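Notes to accompany the following structure.
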Amino acid sequence: MIELFDVTKRFGEETAVDGISLRVESGELCALVGTSGCGKSTTLRMINRLIEHSEGEIHIDGQPIRRFEEDTLRRRIGYVIQSTGLFPHWTVARNIGLVPRLLKWSPERIESRVDELMALLGLPRETFADKYPDQLSGGQAQRVGVARALAADPDILLMDEPFGALDPITREALQDELRELQARLHKTIVFVTHDMDEALRLADKLVVMDAGRIVQQGTPLELLHEPATPFVESMLGGDDRGLKEASLVTVGERMLALGPRLNATARVHRDATLRQALAVMFREHADRLTVIDDEDIPVGELSLQRLVGNTRHE
Amino acid sequence: MEAPRHNRVLPALILAALVAWLGADLVSVAANRIVPGEGIATLDAIGWGGMLAGTLAMLSVAVLGFRPNPRKYRIAMAVTVATLMALPAVLALAAARQADSDMPQARLGIGPGFWVVLFVMLLAMIELRTRLGGSRLNGWALMFPVLLSWWLCLSWWLEPLALLQEFRGRSDQFVAAVLYHLALVGAAVGTSLLLGVALALAMRRFPALQRAGFGVLNFLQTIPSLALFGLLLAPLAWLAANVEWLSAIGVRGIGWAPALIALVGYSLLPMVRNTFVALSEVDPGVIDSARGMGMSRGQVFLQVRLPLALPVMLEGVRITTVQAIGLAAVAALIGAGGLGGFIFQGLGQAAMDLVLLGALPILGMALVADALLGALSERLRPGGAK
Ligand SMILES: Nc1ncnc2c1ncn2[C@@H]1O[C@H](COP(=O)(O)OP(=O)(O)O)[C@@H](O)[C@H]1O
Ligand SMILES: [Mg+2]
């Protein structure tokens, strides 16, 4: 658990972060979103003391972070940045083993841990262990970056626009992988991004920042339903925000389970998003879809009315 | 259809070589050391056969440069190496043909034609090596038969060569001069490496030092070397007269002490600049993540910043070394001895072969230092040479 109490950071005259309070529960992924220069990175870097906060208190698991020695604190916190920061003169395996080596693990333990992580991140050992970072694609390099951050099995992961430099397809693939990883590992993650779609996809908790302050925080659906200010609303895409909400809800949550009429020919999978279902309706000129499961067996029906959340006439 | 791509470098080089081979004096013969030599053209020096063989060999290298492919380049390389191996034999042949029992003192000088051909064929070899790819090491391996051939000819068949006679006359002195030269350069580079790294680190720590530091070093660089030696003369003489232990270790107004100080002075700028730039230009993202992972400042410096800066720092060492090898020759003027001694002595006596005896090893040392340090810095590039 990470808690910020009224934290401020000044660089000389300039106030980069202005009295923010925030609580990230254990196992929660908290996304910090905002325009460039609003203080996201500064906030993140104060948590592992790469930047010392000027005022307020930051606690990890109830303990003020200043009570820990800097390097000890950082070895307990994973850190991933946009440029990967991999050491170009070290092999992939050596890069991943960095923190365990700093913690003086035995060589055998480091090796088996590196193997485990490479498998976890889909980097076959034979192909990648002895490569140098220059020889990797952007996506592979960032996987190595994530593996390195996870190496000593920290409870907390700080990620500063980790996928910001990747092409859209690789970015989405890595977002999916991060979601799957998080479902298994339950780390406490603070994730900085300026990409609202990325934040909506990944976040349990969404924090919108502007000019060093927190403008609104809550679950993605809470923010979509009730944006507190016009700024948050525009960050969420203005009128498009309905579609963004539709991307967050699955067909299974809205369908009528095994309804009386199953004559609709257009089909959609139970785990598809409402946004995808809407696209199918549009394409098929249909106002109801048959919902199927993994075995292609119909399990329910989704009408346009149900899709938009109007259930009165069913 | 793809336009045929010709190698433009080889024909130009070979044209220059052929002009020299056919038009300039290949060697010169002097009755003794003092009288100026009389130039002899290739035809008279080695006869029709030798001249034709040489012409054909060089022409073939140029021709192989048209519509080149790797096989043609390899053949051209073989011809070039063979030509370089044959060059000392050309001298030996010329020596044998000019031998005259009436003039046992006669000396064979190397003429401009020969120098140009030698130089151009070395350039052709570099060009071909670049085209063929392959490592620096392979390039040096190819030099081996060439050097072997030169060594054999010099040992057995080139007795009348003036250069060799100058060497024979002072072989002990020559070895001592080479060692002294190396020692002077080594001491200068070693000292400026230590001082330079310390200065660069201080400038990084205290940015206020940067302007003043680089200002002084840039200024030092602009003083002509002779003037710098002159400037050092008085203070060092005074120190030697007044500080006993300094004069005990041989510090004088002239000699090695001012030479070393001046060499260090000139070496500092490239050393500090390269070290400073190398350390400063390490990717900030890499440093940030190293700190963020929990490496201590010392670990970040020793395991990340320094190894990543090393290739660029070595570049500074390379520049400094090559520069110091040349400058150390000038130091002979203030009595520092070394190979420069031969050069200035030779200039004084108008004995060009003595000048060469000093200059050629300096050239050789500079080339070897350049190649070795260049190869080392290449090897240390991140992830390179694996
Ligand atoms: N080390 C620093 N020194 C001075 N100002 C800084 C420093 N780091 C960040 N800032 C300033 O703080 C503000 C917030 O920066 P940052 O947290 O990096 O923004 P974001 O990550 O949201 O783009 C910016 O105005 C930036 O110029
Ligand atoms: Mg940022």
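Do we find that A:Arg109 is part of a helix (DSSP H, G or I) and either more than 12 Å from ligand 1 (Cβ to nearest atom) or away from every other protein chain (no Cβ under 14 Å) (or both) in this structure?
Details: part of a helix (DSSP H, G or I): yes; either more than 12 Å from ligand 1 (Cβ to nearest atom) or away from every other protein chain (no Cβ under 14 Å) (or both): yes.
Yes: the conditions hold for A:Arg109.
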| Taking the stretch A:35-57, which residues are open to solvent by less than 50 Å² (accessible area, probe 1.4 Å) and either more than 8 Å from ligand 1 (Cβ to nearest atom) or not assigned by the TED database to the domain that holds A:Asp155 (or both)? | A:Met46, A:Ile47, A:Asn48, A:Arg49, A:Leu50, A:His53, A:Gly56
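Can you pull out the residues in the stretch A:154-199 that are within 14 Å of chain B (Cβ to nearest Cβ) and either more than 14 Å from ligand 2 (Cβ to nearest atom) or part of a loop (DSSP other than H, G, I, E, B) (or both)?
We begin by selecting, within the stretch A:154-199, every residue within 14 Å of chain B (Cβ to nearest Cβ); these are A:154, A:156-162, A:164-165, A:190, A:192.
Passing the criteria: A:Pro154, A:Ile156, A:Leu157, A:Glu161, A:Pro162, A:Gly164, A:Ala165.
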| said: Anything in the stretch A:184-200 that is more than 16 Å from ligand 1 (Cβ to nearest atom) and either among the acidic types (Asp, Glu) or within 26 Å of A:Asp240 (Cα to Cα) (or both)? List them, or say none. | reply: A:Asp197, A:Leu200
| Subset of the stretch A:156-183 [open to solvent by 40 Å² or more (accessible area, probe 1.4 Å) and within 16 Å of ligand 1 (Cβ to nearest atom)] | A:Ala165
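Residue check: is B:Ser149 open to solvent by 30 Å² or more (accessible area, probe 1.4 Å) and among the small types (Gly, Ala, Ser)?
Details: open to solvent by 30 Å² or more (accessible area, probe 1.4 Å): no; among the small types (Gly, Ala, Ser): yes.
Criteria not met by B:Ser149.
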| How many residues does the stretch A:11-38 hold that are more than 19 Å from A:Val215 (Cβ to Cβ) and in contact (Cβ under 8 Å) with a residue 40 or more places away in the chain? | 5
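Determine, yes or no, whether A:Ile81 is open to solvent by 10 Å² or more (accessible area, probe 1.4 Å), within 10 Å of another protein chain (Cβ to nearest Cβ) and closer than 26 Å to A:Asp210 by Cα. Give the steps one after another, and end with the answer.
Working: open to solvent by 10 Å² or more (accessible area, probe 1.4 Å): yes; within 10 Å of another protein chain (Cβ to nearest Cβ): yes; closer than 26 Å to A:Asp210 by Cα: yes.
Spelling it out, A:Ile81 is indeed open to solvent by 10 Å² or more (accessible area, probe 1.4 Å), within 10 Å of another protein chain (Cβ to nearest Cβ) and closer than 26 Å to A:Asp210 by Cα.
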| remark: Over the stretch B:32-64, the set of residues surrounded by 15 or more Cβ atoms within 10 Å (Cβ to Cβ) and at pLDDT below 85 is B:Arg33, B:Gly37
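The values are calculated or read from the model by the stated rules, or taken from the named source; none is laboratory data. Keep in mind that what you see is a predicted model, and the values were worked out from it rather than measured. Here the Cβ is made from the backbone with ideal geometry for all residues, glycine too, and neighbour counts use every protein chain on show. The accessibility values were calculated without ligands, DNA or RNA, using every heavy atom of the protein model including side chains. Shrake-Rupley method; radii C 1.70, N 1.55, O 1.52, S 1.80 Å.
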